[in-house]
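Structure, as structure tokens:
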Amino acid sequence: NHIEVNRMTYLPYHFLLATVGNAGYLKFQDTSTGNLVSELRTRLGRCDCLELNPHNAVSLLGHTNGTVTMWAPTMSAPLVKMLCHKGQVAGIAADPSGKYLATSGLDGQLHIWDLRTYKKLHSYFMPTPAVSLDISQRGLLGVGFGTHVEIWKDALTAKAKAPYMRHDTHGAAVRDIHFCPYEDVLGLGHSK
């Protein structure tokens, strides 16, 4: 039942596989029984961003109109709908404590949000739109854009002036980045 899937994630404590695709349907499937638990129509078209808030297992979707919606498998409407960017949302990451959300858009902006109040804390301008974001368990923000990966230290709680680390992939376009659990080791996928 999962057709033209663009992104998928796994809810480990619920044993649910969540997928979203070109049709704009968010689907949750129980991995222990194989049954489709819910099929939710977002009504916002194609979706290329799907992440999980590790604190509360809410699924975060980034849409082409600049909105981020938050979904639970048992609700037919989004729990929260936020207008985050002027263009398409390219990346989303929630920190493990569930307090902060990082979003990037094709408008070249990287925004940090407080998930307790849903207010923007601060913004960063990226020379190339960030396509992948991740937040480590120690609060490091990983940002993948173009042929570069940057790691920002303490960028969630206060506006940082410069990245903590920067890596160039030497011509390979960065596709995805993720921190390994329990370590501040960052894995990245690229075009080569």
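The values are calculated or read from the model by the stated rules, or taken from the named source; none is laboratory data. For clarity, every value in this text was computed on a predicted model and none was experimentally measured. Glycine also receives a Cβ, built like all others from the backbone with ideal geometry; neighbour counts cover every protein chain displayed. Please note that ligands, DNA and RNA were not included when accessible areas were found on the heavy atoms of the full protein model with its side chains. Shrake-Rupley method; radii C 1.70, N 1.55, O 1.52, S 1.80 Å.
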(message) I'd like the chymotrypsin sites (Phe, Trp or Tyr not before Pro) in the stretch 41-138 restricted to DSSP loop residues with at most 15 other Cβ atoms within 10 Å, sorted by number.
(response) TYR118
(message) Using only alpha-carbon positions, what ratio does the radius of gyration of the chain give when scaled by 2.2 N^0.38 Å?
(response) 0.99
(request) Would you work out if the stretch 79-130 is rounded, prolate or oblate? Take a ≥ b ≥ c from the square roots of the eigenvalues of the alpha-carbon gyration tensor; rounded if a/c is under 1.5, else prolate when a/b is larger than b/c, oblate otherwise. (result) prolate
(message) Cross-link candidates for LYS27: which lysines have Cα within less than 26 Å, leaving aside residues fewer than 8 places away along the same chain?
(response) LYS81, LYS99
(request) Pop out the carbon and sulfur fraction of the accessible area of the chain as a percent, whole number, probe 1.4 Å. (result) 52
(message) Tell me the Kirkwood radius of the stretch 6-117: reciprocal of the mean inverse pair distance over distinct alpha-carbon atoms, in Å.
(response) 13.9
